[in-house]
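Read the structure below first, then the notes.
What follows draws every value from the coordinates through simple rules; no lab data is involved. Since this is a predicted model, take the numbers as computed values, not measurements.
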Amino acid sequence: VLPPGIMRAYQRFRYDEVISLAQRVLLDQNASPGQQVRALVLAGAAWYLKGCPDNAVEAFQKALAREPSIRLNEDVFPREMLRLFEETRNAARNSMAPVQPQGREIAHISQCASLYKQGPTLKGEKL
């Protein structure tokens, strides 16, 4: 079970808080692999909903590397996010190049990438 705050933050659209709480789970020596996978999925969802699909793909890749059979709940996650998650899974299965999210401006992606340098994130962590 994840800390209750992470799901509450997701439900209240507090995506920066979700990402921060997910990082805490990943750094927690007592967190189970399942907890870490769920934290990565929620972090990926938060990044996606913040308009940072490249960051979402990175979190989804890490989740899928730990638990390749994981499925997202269609009642919880938006259809486009589910599509991106499945594309990420398929790319990993086929050992293809990383998924390139479509329909995003380069400037917007650059802004998202800079978020990694400004606060707690998933990038660069030894997972």
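Summary table below
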item: Where the Cα pairs of the range 1-101 fall when distances are cut into 10 Å bins, in %; result: 17, 52, 28, 3
item: Table column - 3J(HN,Hα) (Hz), the range 78-92, Karplus curve with 6.51, -1.76, 1.60, x for Gly and Pro; result: x, 4, 5, 5, 4, 4, 4, 4, 5, 5, 5, 4, 5, 5, 5
item: For the range 41-53, 3J(HN,Hα) per residue [Karplus equation, 6.51 cos²θ - 1.76 cosθ + 1.60, θ = phi - 60°, Hz, x = Gly/Pro]; result: 5, 5, 5, x, 5, 5, 4, 4, 6, 7, x, 10, x
